[in-house]
Amino acid sequence: LQRRKLQALRQEAAEYYRGHRVPQRVEEALNALFALRPADVYGELANYISKFSKAPIICKLVGRKVFDGVGQPTLEVEIYCTVKNCEKRICSTVMSSHSQVPENTLPGTAEADEKERNDSVNTGVEWVNESLNTMLRDLKPTDQCEVDKMLGEYFTEKVDEKKRIQKQEEEKAEATLPLPSCTPSATALPGGKKAAKPGKKAAVAERMIPPAEPVEPVLSGSLAIGGTSLAVAKAAATVSHIPLYLYIALLKHDQESLKEMTLPLPMVTLLNCEKISPAKLKLMKEVMLIPPVQLSLKQGIERVLDIQKEMVRLLDPPGKAPSPQGADSKKGRAHNTGKKAPPRPLKRISHLGCLITGCDNLEQVLLLMQTACNNIGLELGTDMYLAINCAAHELMDYVKGKYEILTGTFKSPDEMVDMYVDLINKFPFIIALIDPLRKEDRQQWSNICCALGSKCYLIAEDAATDISKLKIDQNLNVPTCSGIVLKYINQTKVSDLIELTGLLDGQRHITILGSPDGESSDDSLVDLAVGLGARFVKLGGLSRGERVTKYNRLLAIEEELAENRTLREANLEFIAFAEESQPEKQPSDVPPPPKQDSLSSEFSQPA
C-alpha cells in the first residue's frame, strides 16, 4: 500500500514538473551553464531560472506620516510586492507639501491651513493603509493605467461622499438658522484684506477688475492618490530593472525602447526678494538663473555656483569680516591651528534654497546680477540668462484694484503689461516671466503675449488651475501663455501628467516641472521631468539638502545618458530664441552699463 502511494506521488510530481516545463528548463540551464563555465555556478543558475518566475504583484501598501524639508507633515507611501514567493519592500515615495495660502496672509488663515494639512495627511495615511491597500492587492505594479483608473474612481467616490455630507449639513443648518440681521459687515478679500466700509469714498474705476477666482478645494487625504500612483510607478521601474525616467518615457510614448532623450534646463533660484520692511520691492519672488544649452548640466550648475559665491560676497555688509573658528572673543585674536578655514556659510537662506535679500526697486536687483556676473567674467544674455517669478497673485490690492509692485506704488493690469514690455526691452537677458499677472486678467495675458511672446517665455504657475481641472474638452483652461509649471501634488496621478504633457506638446506649449514650496528629499520629480520631456525643471536654489539632492539626481541622469549614448544634443529652438535676446556685444574693456533712471524712477516713486 505504501509502495502504491509512493508511486502515485512520484507520478503526480512528474506531471506537475512536466506541466511547468521544469525538466526542459533545467536541461537548457545546464547546457547554457556548461558553455559559460561561470565562477559562481549557482548564482548563474539562479539568474537563468529566475527569468521564468512569475511577475511581481503588489501585496501590501504602507502609509505613514513623515516631515518635509520645512518641517511640515506629509505622506510617505511604501510598496511591497510578492517576488519569487517572498514579500519584499520595493520602494517608497514621499509627497511634497504645497500650500495655496499666499505669503502675506493673516496669521489665523495660516494656522487654519496648517491644521487642515495635518488632517489631510492623517486621512491620507488611513486611505493608504486600509482602502487602497485592499484595492490594489494582487495587481501588477506595471499596470499603471489600471492602477490610476482605480485610484481615480476611488477619489471620485470620496468627492461625491463629501458633497453628500456637506449637503446634509447645509440642510440641517438652514433648518435651525435664525433670521438674518440687517447690519452690514465687511467682506473678506484674498490676502486677508477687507473691503471698504459702507459710505467710504472709493474710485469705482479702480475696482473694475475681474474678481479673484475661488481657490480649488483640496479634498482631505487627496495626497494619498498622488503618492500611491507615483510609488507604483517607481515599483514598476524597480522590478523592470530600469530607471524611473526611462519607465515614464516608455509609458508616454508607448514604446519598448527609446533611441534618444533630452534633459530639461534647470531654472536655479538665486535670490528671493523678501516683501517685508524696510525692503520696498514686492514684485520679485524669485530671481532664477538659466544656463545656456551649449553647456553640459554639470558645467551650467558649476557656473551658477560661481555666481552664487560672488553674490554672497556682494551682499555681505562692508567692513564686517566673519571671525575665524577658534577666535579668542576676549582678545579678538584667532588661534592659528594650521588648518584650512571652512567655507563661509550662507547666512540668510530661504526655504527655496536661495539667498534672501531686500531691494528698493526693480533695477537694483538686475544691476546686482549684472555686477556679480561681470566680476567673474560672465555676461548676462550670453553666458547666463535670467527668469523672474513675479507671483503677481500675491500683489493684488483688491480695494484699489491694482498691483502693489513697490510699497506705496500701484499699477493696473494694463500698466503692468506696459511695465513688463519696458523691462524686457531694457534687460533682454530676461527670457522668462512666471506669473506676471493673475490668472483672472486674461485679456492682459493675451496683450503681454502679443507684445513679448517672441522675446521671452510667459509662464503660468499659480496662474494655472489645478492639474485635474486643466483639461476641458482637450483644451487647456489657462490664460494665453507660453507654457505651464506643473507640480506633482494632491490627487495628481502619473497618467494625468503623461496625458497633460502630451496635450501641451501638441499645442506647442512648453512644460516646466516645478517643486512645491515644502520639498522632501524624494528625487522622483527629476525623473518625471526627464521622462516627460519637460523643457525646464524648477527645483529652487542650490542650498538645503532636499533641493540639492534633486540637482545631484539630474547630474547622475546626464552622466548615465551620456555613457549610454542616448543623450540628445542641445535644444536648437531654445538657442535660436536665446540668441534673439542677446544685446549687442560690447568690447571686453568696456565697463558695465551705467544705471538708467527711466525705470528706477518709475519704481521708486509712490503712486
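The values are calculated or read from the model by the stated rules, or taken from the named source; none is laboratory data. Nothing here was measured: the structure is a model prediction, and the numbers come from that model. FYI the Cβ positions are ideal-geometry reconstructions off the backbone, even for glycines, and counts take in every protein chain you see. Side chains are part of the model used for accessible areas, which takes the heavy atoms of the whole protein and leaves out ligands, DNA and RNA. Shrake-Rupley method; radii C 1.70, N 1.55, O 1.52, S 1.80 Å.
If all Cα-Cα distances of the stretch 379-517 are sorted into 10 Å bins from 0 onward, what percent lands in each bin, rounded to whole numbers?
Going out from 0 Å in 10 Å bins, the stretch 379-517 shows 11, 40, 33, 14, 1 percent.
Between K259 and L36, take the C-beta separation as r, use R0 = 35 Å, and let me know the FRET efficiency to the nearest 0.05.
Once the sixth-power term is evaluated, E becomes 0.70.
What distance in nm separates the simple spin-label points at K298 and L9, each placed 7 Å from Cα in the Cβ direction?
Result for the modelled spin labels: 6.2 nm.
If each of R313 and E558 carries a label point 7 Å out from its Cα toward its Cβ, how far apart are those two points in nm?
Here the answer is 2.4 nm between the modelled labels.
In the stretch 1-156, what is the volume of the convex hull around the alpha carbon atoms, normalised per residue and reported in Å³?
215
Leaving ligands and nucleic acids out of the surface, order T382, T93 by accessible area at 1.4 Å, largest first.
T382, T93
For an R0 of 60 angstrom, estimate the FRET efficiency from the Cβ-Cβ distance between E44 and T156 and round to the nearest 0.05.
Working from the Cβ atoms, E equals 0.75.
Of all the accessible heavy-atom surface of the stretch 1-116, with the other protein chains kept in place and a 1.4 Å probe, what percent is carbon and sulfur?
Carbon and sulfur together cover 54 percent of it.
Provide the solvent-accessible area of S96, counting protein heavy atoms only and rolling a 1.4 Å probe, rounded to the nearest 10 Å².
The value for S96 is about 20 Å².
Q507 to E169: extension gain in nm, 0.36 nm per residue of separation minus the Cα-Cα distance?
Difference between extended and current length: 117.3 nm.
Once you have the Cα-Cα distance between N85 and N118, take 0.36 nm times their residue separation minus that, and quote the gain in nm to one decimal.
8.1 nm
Could you sort K402, K5 by accessible area so the largest value comes first, with the probe set to 1.4 Å?
Of K402, K5, the descending order of accessible area is K5, K402.
On a 1.4 Å probe surface of the protein chains, which of L378, L136 comes out largest in accessible area, and what is the full order?
These residues rank, largest area first, as L378, L136.
Within the stretch 367-491, what whole-number % of the accessible surface is contributed by carbon and sulfur, with the 1.4 Å probe and all protein chains included in the calculation?
44
Please calculate the 1.4 Å probe accessible area of K65, with all protein chains present, and give it to the nearest 10 Å².
Answer for K65: close to 80 Å² accessible.
For H20, what accessible surface area do you get with a 1.4 Å probe? Give it in Å², rounded to 10.
110
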